[in-house]
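The values are calculated or read from the model by the stated rules, or taken from the named source; none is laboratory data. Since the model is a prediction, treat every value here as computed from it, not as a measurement. So basically every Cβ, Gly included, is an ideal-geometry build from the backbone, and we count neighbours across all protein chains shown. Just the protein is used for accessible areas: all its heavy atoms, side chains included, with ligands, DNA and RNA removed. Shrake-Rupley method; radii C 1.70, N 1.55, O 1.52, S 1.80 Å.
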Amino acid sequence: MQVLLIEDDSTLAEALAQTLKGEGFAVNHLGYGKLAIEAIKTDLPDIVILDLGLPDIDGTDVLRAIRKISVDLPVLVLTARTSLEDKVNGLDLGADDYLAKPFEVAELMARLRVFERRASTLKHSGLSIGDVTIDSIGHRVLVANETIELSRREFMLLKALMENAGRVQTRDGLESKLYSWGEEVASNTIEVHIHHLRKKLPNNFIQTLRGIGYIVKPR
Amino acid sequence: MKSIRTYLLLALIAIITLVTFLSLLQGYQASISKAQQLFDDNLKSMAAMVANANQDQHHHNSGTQELPPSVFFQILASDFTLLANSKNASKPLLSEYDNVESGYKYMNFNGYRWRTFILKDDYLQRWIITGERSDIRYILAENVVTASIIPIVLAIPIAAFIIWIAIGVGLKPLSDLTRQLREKQADDLSPVLMDSTPEELTSLVATTNALLQRVNDAFVREQQFSADAAHELRTPISILKVQLHNLKNNEDISEEALIPLTNGIERMGLVVEQILSLYRHSPEQASAKQSTIDLCAVVQNIIAKDYEQIAMKQQQISLLGDESCFIKGNEFALEALVQNLVANASKYTPDNGEIQVTLETIPNARRLIIEDSGPGIPEDKYKRVFERFYRVNGDRHESDVLGCGLGLSIVKHIVKLHNAEIHLQRSVQLGGLKVVIDFPEK
């Protein structure tokens with residue numbers, strides 16, 4: 001996985017590059033927004049980590065430029081600002097995720113893993129957690145190498161949970177992922193789908209946080 | 001001085017009363033003597049009338065006149081024998097022994113004191129006496145004078161009432177100013193606006209506004225400074241965290257050697273975050289917009305976001321009760337509130353412990369309960385934990401947990417911001433701390 005790190009603080013960038021390399025990522029580092037945009041134009045990375053506070057141009061402008069070049073390129077925004085407006089802005093402008101400084105390395109890695117898994121369901125078609133493999137191109141799910149039958153919504157639900165393995169998905173969050181605006185959602189629909197999914201999956205594959213949501217833990 | 005209005009009213013009424021009293025006293029005396037003079041003139045003309053009406057030189061018994069008991073007349077011959085008289089004065093009142101001359105005189109007879117006028121009729125050589133009872137004269141005079149005084153005395157309370165209102169109207173700008181200042185929210189440092197400022201208050205208003213402006217500037221500077229300082233520290237702390245992570249992967253360095261470093265960095269990060277949120281959520285910052293927030297969604301999102309910490313300690317967390325819980329509030333502040341309480345619960349609860357969040361509807365309020373199976377807080381410390389930088393058992397916290405003692409004071413600020421109430425209890429169900437927050441229904 002090719003990561004482009006856009007961060008003007010060279011000490012942080014170096015430390016982060018070392019960490020990411022240790023986790024098996026290939027890292028390129030750039031300290032200026034304009035340079036970064038050029039670099040993305042010539043050679044598209046797999047993941048971008050973008051600090052919003054850059055010396056030459058505003059990070060949000062870089063984000064806009066990236067979105068013009070590629071719609072799918074996963075961008076993780078880092079920022080020292082954490083007001084709500086910033087957060088909303090960042091996500092509105094097309095950041096895939098958002099991390100406030102100072103962040104835990106584990107948190108950063110969890111988010112990058114989600115990107116990685118999402119990329120692999122997109123490009124390489126397969127994503128496995130334990131015995132469960134999801135094949136997004138063939139729209140199949142294999143449990144211990146046996147295909148199981150899932151409805152379209154059950155499949156989407158499982159994909160969302162597995163791509164975000166290790167992170168809790170709230171019921172509201174899953175609902176908005178599954179249903180477009182305006183569609184009527186019965187209050188227990190997600191529970192019903194999860195209930196059906198569980199019967200077809202290994203025990204405890206999907207864990208419930210009562211009243212909060214669901215989580216698939218990476219093995 | 002309790003009230004300018006009362007003071008002015010009392011002073012003015014006292015002055016009016018005093019002046020009125022003095023002038024009334026003067027007027028009373030003058031009126032009484034004027035009345036006496038009037039009555040005297042009356043007596044004199046009565047005597048003249050009697051002299052003209054009766055020209056007899058001899059006494060007629062049949063001629064005794066019936067008059068009201070308060071007046072009398074007598075006509076005496078030059079030898080002081082009675083020529084004519086009213087019925088109530090049947091004996092001659094003068095004798096040759098008296099030093100008789102014309103004029104006014106007081107006489108006593110029939111058990112009363114009389115004011116009399118003696119007229120010497122030179123042409124017929126006789127004396128004419130007319131008289132009035134002096135006590136009745138006095139009462140009459142007094143009645144006349146009193147009738148003119150009473151309205152003036154009665155006017156004083158009316159004057160008091162009008163003055164009271166007039167002073168109130170006059171002092172209205174002052175009470176407006178007071179009300180505006182009193183009703184100002186803690187965060188509201190905007191200048192005081194007056195419809196029309198009277199001359200006397202102009203400089204007071206100007207000074208107050210200048211002071212408010214200065215305080216406001218100081219606030220902005222202080223907030224800006226602390227926010228800037230904390231923001232500036234975020235990147236260096238990130239560097240430390242990342243580099244620490246890198247060091248942990250280095251096999252030459254023992255894990256234990258890094259623990260103090262880890263703790264130090266953790267703590268530094270916490271202080272920075274909490275200082276930032278303390279200022280962000282202080283009541284002075286209450287201006288942040290309020291909207292209708294689903295507390296249930298806030299709790300779900302915060303737990304989902306911070307689940308890593310809870311998962312690491314293999315704690316069970318659940319959200320019970322109402323599935324939606326709408327309150328009026330500031331989303332960012334409420335997130336910080338829930339985040340602090342959940343993080344505290346997780347921090348102070350041992351591995352495999354349990355955390356339970358409950359949302360309830362109670363009369364006139366929405367209740368948020370966060371309880372855990374940790375050691376709890378001794379009851380006598382409930383008050384102190386809300387103070388800034390206070391930690392139960394000081395820095396040698398038995399649980400060896402990182403913290404800087406700002407979390408609950410931030411919580412308290414946010415609770416205050418929402419006019420909510422917070423109570424600490426021991427959880428009956430889980431045995432640890434139970435935090436109960438009641439948000440008033442809008």
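A Cβ distance below 8 Å, combined with a sequence gap of six or more or placement on separate chains, defines the contacts here; from the stretch A:205-217, residues that are facing another protein chain (nearest Cβ under 9 Å) and among the polar types (S, T, N, Q) reach no residue that is part of a loop (DSSP other than H, G, I, E, B) and open to solvent by 10 Å² or more (accessible area, probe 1.4 Å).
Out of B:Thr178, B:Thr208, one residue alone is open to solvent by less than 50 Å² (accessible area, probe 1.4 Å) and in a helix (DSSP H, G or I). It is B:Thr208. Could you tell me whether the stretch B:113-134 includes any residue that is open to solvent by less than 70 Å² (accessible area, probe 1.4 Å), free of Cβ contacts under 8 Å to residues at least 24 places away in the same chain and not in a loop (DSSP other than H, G, I, E, B)? So far as the stretch B:113-134 goes, no, none of its residues is open to solvent by less than 70 Å² (accessible area, probe 1.4 Å), free of Cβ contacts under 8 Å to residues at least 24 places away in the same chain and not in a loop (DSSP other than H, G, I, E, B). One residue alone among B:Leu247, B:Leu258, B:Leu270 is more than 12 Å from chain A (Cβ to nearest Cβ), out of contact with any Pro (no Cβ under 7 Å at 6 or more places or on another chain) and open to solvent by less than 60 Å² (accessible area, probe 1.4 Å), and that residue is B:Leu258. Does the stretch A:112-126 contain at least one residue that is within 14 Å of chain B (Cβ to nearest Cβ), open to solvent by 30 Å² or more (accessible area, probe 1.4 Å) and not in a loop (DSSP other than H, G, I, E, B)? Yes, because at least one residue in the stretch A:112-126 is within 14 Å of chain B (Cβ to nearest Cβ), open to solvent by 30 Å² or more (accessible area, probe 1.4 Å) and not in a loop (DSSP other than H, G, I, E, B). Might you check whether a residue that is assigned to a helix (DSSP H, G or I), open to solvent by 20 Å² or more (accessible area, probe 1.4 Å) and among the β-branched types (Val, Ile, Thr) occurs anywhere in the stretch A:173-192? Checked against the condition, which is being assigned to a helix (DSSP H, G or I), open to solvent by 20 Å² or more (accessible area, probe 1.4 Å) and among the β-branched types (Val, Ile, Thr), the stretch A:173-192 yields at least one hit.
Does B:Ala365 qualify as being touching an Asp or Glu at 6+ places or on another chain (Cβ under 6 Å), open to solvent by less than 70 Å² (accessible area, probe 1.4 Å) and at pLDDT 80 or above? It is true that B:Ala365 is touching an Asp or Glu at 6+ places or on another chain (Cβ under 6 Å), open to solvent by less than 70 Å² (accessible area, probe 1.4 Å) and at pLDDT 80 or above.
Yes/no matrix, rows are residues, columns are (1) modelled with pLDDT under 85; (2) touching a Pro at 6+ places or on another chain (Cβ under 9 Å); (3) more than 30 Å from B:Arg115 (Cα to Cα):
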residue	(1), (2), (3)
B:Ala141	no, no, no
B:Ile158	no, no, yes
B:Ala186	yes, yes, yes
B:Leu212	no, yes, yes
B:Asp217	no, no, yes
